[in-house]
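Engineer: For reference, the structure I am asking about is given below.
The values are calculated or read from the model by the stated rules, or taken from the named source; none is laboratory data. Remember, it's a predicted structure, so these values are computed and weren't measured experimentally. FYI the Cβ positions are ideal-geometry reconstructions off the backbone, even for glycines, and counts take in every protein chain you see.
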Amino acid sequence: MPSENEIKSPAEMNFLIVDDQDNMRRSIRAMLKLIHYGKELFESPNGREAWKFLNGSEGGKIDFVISDYAMPFMKGTELLSNIRTQKNLRDIPFLMITAEANKEVVAEAAEQDVDAYLTKPFVTATLENKIDELLAKALKPDSLTLHLRAARDLEEKGEIGPAIEEAKRASAANPRSSRPFRELGRLLLKAGDNKKALKCFNKAIEINRLDVTSYHYLGQIYYRQGNIDKAVSFFSKAMEISPRHSDRALKFARLLMKTGSMVEAEKVLRLILKNSADDAGIIEDIAEQAMEHDLYSLAIKAYRSLIKGNPDAFLIHKKMGIALQKSGKNNEAVLHLEKAANKYGEDLDLLLTLARAYLGMEMVIRADKWASIAYRLYPDNREAKKILSQCL
């Protein structure tokens, strides 16, 4: 925590403005200049570029971040989450700009410890007041903030017991805030005290029904205890409040699959796919889950998205071909499989799937060709022998 002498005046601060709309960045820049705030003003068109900048040579200059919520590649809450987990950046004042302060935005902002947010449109005086408010809080943090920071520092040193005591002091300092109870629950969980952790997370959602993180932890605890119904109910609530957390949503989908709720699981996976269009890792994970549970139409949709982003991904072409063949779309399957065969010409699954696809199209000569290659490479393979016998 910086001392009073270390906190700069707004005129001496360097601001980073993050928004995917050029006109919005220009507007905020103009407002800051009008009130003479900002020694230097930097801009980024989205959270991903802002994160790169903050970790670059000039990132250490930034004293204040003003960021939009809804942006491509990385939205404001994801940028904030990254900032809060990095020691040299985590205490930078962060002002979130939103088009609409709806339930999901409020929940995400609270979860990621946003300092404040403004709804569009706003005027210069409102921006000035909000910046002044945040800087006043940075200059004289309340007891809740001081105790939570102390808990954080102790946890980082591995002193979990003292960290728990600081979190308890934070909850006493402001018993109307869900955040200290959530942090206390997390620390207790880390210490292995599941019973007390449960009480803390339940207290957190009693105070704040939008505390997504607490619902998530409750779901985890009940899942580990084998209480699947309760676990599903808490994960469902978290998804209902904020469906954009891909990692949590994937865990939820896997849980649904384990309980046999395939229709619900597919809905969740489709929702993740819709909200993670730029995350190839998440999309591939969705495709793998879909293939594992015979959800071929979903797998095909996911693989199409991956191929669109990387047309020369031969392994994805192979997987796409297998999914298409299993769903009976042999004509399209062979196009992807033969492209993959240029790189994976000795892959048994690829060869057999090509043979099956051509056999399904009643193109016996081509089926025989790929089955023969498979048999030559893997003479003990029964499936290759079977397809060859069908080609006679």
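Engineer: Out of segment 206-226, which residues are part of a helix (DSSP H, G or I) and either in contact (Cβ under 8 Å) with a residue 60 or more places away in the chain or within 14 Å of Glu240 (Cα to Cα) (or both)? Talk me through it step by step, then tell me what you get.
Structural biologist: Going residue by residue through segment 206-226, those that are part of a helix (DSSP H, G or I) are 206-207, 212-224.
If the condition is that a residue be part of a helix (DSSP H, G or I) and either in contact (Cβ under 8 Å) with a residue 60 or more places away in the chain or within 14 Å of Glu240 (Cα to Cα) (or both), then Val212, Thr213, Ser214, Tyr215, His216, Gly219 are the ones that fit.
Engineer: Do you know which of the residues in segment 111-129 that are in a helix (DSSP H, G or I) and surrounded by 19 or more Cβ atoms within 10 Å (Cβ to Cβ) is modelled with the lowest pLDDT?
Structural biologist: Keep residues of segment 111-129 that are in a helix (DSSP H, G or I), which gives 111, 124-129.
Going one step further and asking which of them are surrounded by 19 or more Cβ atoms within 10 Å (Cβ to Cβ), we end up with 111, 127.
Values: Glu111: 55, Leu127: 92.
It comes out as Glu111.
Engineer: Could you list all residues from segment 316-339 that are of a type in the set (Gly, Ala, Ser) and surrounded by fewer than 24 Cβ atoms within 10 Å (Cβ to Cβ)? Can you show your working first?
Structural biologist: So the first thing to find is which residues in segment 316-339 are of a type in the set (Gly, Ala, Ser), and the list is 321, 323, 327-328, 333.
Those that are of a type in the set (Gly, Ala, Ser) and surrounded by fewer than 24 Cβ atoms within 10 Å (Cβ to Cβ): Ser327, Gly328.
Engineer: Filter segment 154-166 down to the residues that are surrounded by 14 or more Cβ atoms within 10 Å (Cβ to Cβ) and assigned to a helix (DSSP H, G or I), then identify the one that is modelled with the lowest pLDDT. Show your work before the answer.
Structural biologist: Looking only at segment 154-166, we keep the residues that are surrounded by 14 or more Cβ atoms within 10 Å (Cβ to Cβ), and these are 154-155, 159-160, 162-166.
Narrowing further to those that are assigned to a helix (DSSP H, G or I): 154-155, 160, 162-166.
Working: Leu154: 95, Glu155: 92, Ile160: 95, Pro162: 96, Ala163: 95, Ile164: 96, Glu165: 96, Glu166: 96.
Here the answer is Glu155.
Engineer: Would you check which residues across segment 245-269 are in a helix (DSSP H, G or I) and either under 15 Å from the mean Cα position of the chain (by Cα) or on the phi > 0 side of the Ramachandran plot (or both) and list them? I'd like the intermediate steps shown before the answer.
Structural biologist: Just the residues of segment 245-269 that are in a helix (DSSP H, G or I), to begin with: 246-258, 262-269.
Matches in segment 245-269: Ser246, Asp247, Arg248, Ala249, Leu250, Lys251, Phe252, Ala253, Val268, Leu269.
Engineer: Failed condition for Asp132, given (1) more than 19 Å from Ala11 (Cα to Cα); (2) acidic (Asp, Glu); (3) exposed (fewer than 14 other Cβ atoms within 10 Å of the Cβ); (4) modelled with pLDDT of 90 or more, with all others met?
Structural biologist: (1)
Engineer: Can you give me the number of residues within segment 221-236 that are surrounded by fewer than 19 Cβ atoms within 10 Å (Cβ to Cβ) and within 21 Å of Leu271 (Cα to Cα)?
Structural biologist: 2
Engineer: Going through segment 263-279 one residue at a time, which ones are within 24 Å of Gln225 (Cβ to Cβ) and surrounded by fewer than 20 Cβ atoms within 10 Å (Cβ to Cβ)?
Structural biologist: Initially, segment 263-279 is screened for residues within 24 Å of Gln225 (Cβ to Cβ), giving 264-265, 268.
The answer is Glu264, and nothing else.
Engineer: Among the residues of segment 163-196, count how many are charged (D, E, K, R) and in contact with a Gly (Cβ under 9 Å, 6 or more places away or on another chain).
Structural biologist: Quick first cut of segment 163-196, residues charged (D, E, K, R) only: 165-166, 168-169, 176, 179, 182-183, 186, 190, 193, 195-196.
From the residues that got through so far, the ones that are in contact with a Gly (Cβ under 9 Å, 6 or more places away or on another chain) too are 196.
Adding up the residues that qualify gives 1.
Engineer: In segment 173-195, what count of residues is obtained for those that are under 20 Å from Leu144 (Cβ atoms) and not in a loop (DSSP other than H, G, I, E, B)?
Structural biologist: The initial filter retains those residues of segment 173-195 that are under 20 Å from Leu144 (Cβ atoms), namely 173-188.
Going one step further and asking which of them are not in a loop (DSSP other than H, G, I, E, B), we end up with 173, 178-188.
Total meeting the criteria: 12.
Engineer: If you don't mind, there's one more thing I want to ask. Between a residue in segment 127-138 that is in contact (Cβ under 8 Å) with a residue 12 or more places away in the chain and any residue that is in a helix (DSSP H, G or I), which pairs come within a Cβ distance under 6 Å, given they are 6 or more apart or on different chains?
Structural biologist: From segment 127-138, the pairs are Leu127/Met31.
Engineer: For Ile322, are the conditions met, namely being over 22 Å from Glu383 (Cα atoms) and either modelled with pLDDT of 95 or more or touching an Asp or Glu at 6+ places or on another chain (Cβ under 6 Å) (or both)?
Structural biologist: Details: over 22 Å from Glu383 (Cα atoms): no; either modelled with pLDDT of 95 or more or touching an Asp or Glu at 6+ places or on another chain (Cβ under 6 Å) (or both): yes.
Against the criterion (over 22 Å from Glu383 (Cα atoms) and either modelled with pLDDT of 95 or more or touching an Asp or Glu at 6+ places or on another chain (Cβ under 6 Å) (or both)), Ile322 does not qualify.
Engineer: If you scan segment 240-254, which residues turn out to be among the hydrophobic types (A, V, I, L, M, F, W, C) and surrounded by fewer than 20 Cβ atoms within 10 Å (Cβ to Cβ)?
Structural biologist: To start, the set of residues in segment 240-254 that are among the hydrophobic types (A, V, I, L, M, F, W, C) comprises 241, 249-250, 252-253.
Ile241, Leu250, listed by residue number.
Engineer: Output the residue which, of all residues in segment 348-366 that are over 43 Å from the mean Cα position of the chain (by Cα) and under 19 Å from Gly321 (Cβ atoms), is surrounded by the most Cβ atoms within 10 Å (Cβ to Cβ). Walk me through it before giving the result.
Structural biologist: The initial filter retains those residues of segment 348-366 that are over 43 Å from the mean Cα position of the chain (by Cα), namely 362-366.
Remaining after also requiring under 19 Å from Gly321 (Cβ atoms): 362-363, 366.
Working: Glu362: 8, Met363: 14, Arg366: 17.
Once the filter is applied, the top-ranked residue is Arg366.
Engineer: Further question on the same structure: Does Asn46 satisfy the condition of being touching an Asp or Glu at 6+ places or on another chain (Cβ under 9 Å) and buried (at least 18 other Cβ atoms within 10 Å of the Cβ)?
Structural biologist: So Asn46 fits the description; yes.
Engineer: Would you check which residues across segment 207-244 are more than 20 Å from the chain's Cα centre (by Cα) and of a type outside the set (Gly, Ala, Ser) and list them? Full working, then the answer.
Structural biologist: From segment 207-244, those more than 20 Å from the chain's Cα centre (by Cα) are 207-209, 221-231, 233; that's our starting set.
Result: Ile207, Asn208, Arg209, Ile221, Tyr222, Tyr223, Arg224, Gln225, Asn227, Ile228, Asp229, Lys230.
Engineer: Given the structure, is Leu41 out of contact with any His (no Cβ under 8 Å at 6 or more places or on another chain), touching a residue at least 12 places away in the same chain (Cβ under 8 Å) and part of a strand (DSSP E or B)?
Structural biologist: Details: out of contact with any His (no Cβ under 8 Å at 6 or more places or on another chain): yes; touching a residue at least 12 places away in the same chain (Cβ under 8 Å): yes; part of a strand (DSSP E or B): yes.
Against the criterion (out of contact with any His (no Cβ under 8 Å at 6 or more places or on another chain), touching a residue at least 12 places away in the same chain (Cβ under 8 Å) and part of a strand (DSSP E or B)), Leu41 qualifies.
Engineer: Name the residue, out of Leu54, Leu34, Leu41, Leu16, that is surrounded by fewer than 17 Cβ atoms within 10 Å (Cβ to Cβ) and of a type outside the set (D, E, K, R). Spell out how you get there, then give the answer.
Structural biologist: Values: Leu54 fails: surrounded by fewer than 17 Cβ atoms within 10 Å (Cβ to Cβ); Leu41 fails: surrounded by fewer than 17 Cβ atoms within 10 Å (Cβ to Cβ); Leu16 fails: surrounded by fewer than 17 Cβ atoms within 10 Å (Cβ to Cβ).
It is Leu34.
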